[in-house]
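Notes follow the structure.
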Amino acid sequence: YLAYRTSITEGVRTSMAGSVGSNAYCLIGSDFYLRVQAKIKMVYQDTGEGVWTCLDPSLPYIDGNFAKYNCPMFAITTHRIGEPVESRFEIHDTTMDWDPTGGWNTIDFVYQVPSSQSGSNIDDLRLDIFGGPISAAIYVDDVVITRIDELTGTENIITPTAPSCYDKLDSNGDGLYTTPLGWETFGQWFGSTSIDVVADETSSSGHSMLAYERDMPEYQGLGHYLQTDCLITSSPAIFVEIEVMLYDEATGAGVISCDPTTDTTILNCPFLQIDLRRDMWRDARPYRFF
């Protein structure tokens, strides 16, 4: 398989369940693993040269970039019947040997399946292979995925870890993926609006997310689903920190009519809206806070 991409979040996907009764039964039970084996190579689409920035994926940075994002990445996603949000874990194999000349690389790791991705009511199971520089094509061959119930002790085990509630509840909040992965257009029912990720020298990640072509700007922007399991405690508090810039889309000039202290211009300022639902399917309207 060959994937030409315009983003590091694009690549190759296989669905192993698709419907109840196909391969979903492979996720019944607990305390088991999935072994993922594949051959992968990455070359730059314009020159055909191998990707050398994945020389050592255990290094945190190479030339200012996250080295693990310059390597092939994997994601295992499941959906449980009746739940609105999927369970997705990103996987980085930091022990593999990488051929920088563009040759084939052997991928072989064991994924410890968490309880959120196992059970008899899982109706979808997907493996995504993506990552690497935006301008690099991914070649994938000989993919084999098997279930393991007992380990031999020699496996390369990767245990998924959910982000800590005290770390951050959002994902891709700085546009590091170079696409708005995990984010959606909010308020599209009011008219046309779009979101994207753009290069931004003022950002620590080099990118920022953009909401543009908004027909009703006071009601349209970016939306993101947060981790609801972090709200289980009796009196949770959420700290929100966002850097926002407003400018006139036609002229590029900054917006000077924002004064959050007056009722007449407050709608010219950016504002935050948090929607809460006890039951995604039964609550017709959310609890809404501004």
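Just so you know, all these numbers are worked out from the coordinates, no wet-lab data involved. Keep in mind it's a predicted model, so treat the numbers as computed, not measured. All Cβ positions, even for glycine, are placed from backbone atoms using ideal geometry, and neighbour counts span all protein chains on display.
The table below lists the values:
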item	result
Gain in span if fully extended, residue 106 to residue 148, counting 0.36 nm per residue against the direct Cα distance	13.2 nm
Listed peptides 146-158, 239-251 by packing density, highest first (mean Cβ within 10 Å)	146-158, 239-251
In sequence order, calculated HN-Hα J values of region 116-123 (Karplus, 6.51, -1.76, 1.60; Hz; x Gly/Pro)	5, 10, 10, x, 7, 9, 8, 10
Whole-Hz ³J(HN,Hα) from phi, Karplus 6.51 cos²θ - 1.76 cosθ + 1.60, for region 202-219, glycine and proline x	7, 8, 5, 8, x, 9, 8, 8, 10, 10, 9, 6, 9, 6, 10, x, 5, 10
Inter-label distance, nm, simple model (7 Å from Cα along the C-beta direction), residue 238/residue 6	3.2
Built amide H within the under 5 Å cut-off of residue 156, gap 5+	110
Label-point separation in nm, residue 31 to residue 263, each point 7 Å along Cα→Cβ	6.3
Difference of contour (0.36 nm per residue) and Cα-Cα distance, residue 245 to residue 218	8.3 nm
Peptide ranges 197-205, 68-76, 216-224, 36-44 listed from the most packed, as the mean C-beta count within 10 angstrom indicates	68-76, 36-44, 216-224, 197-205
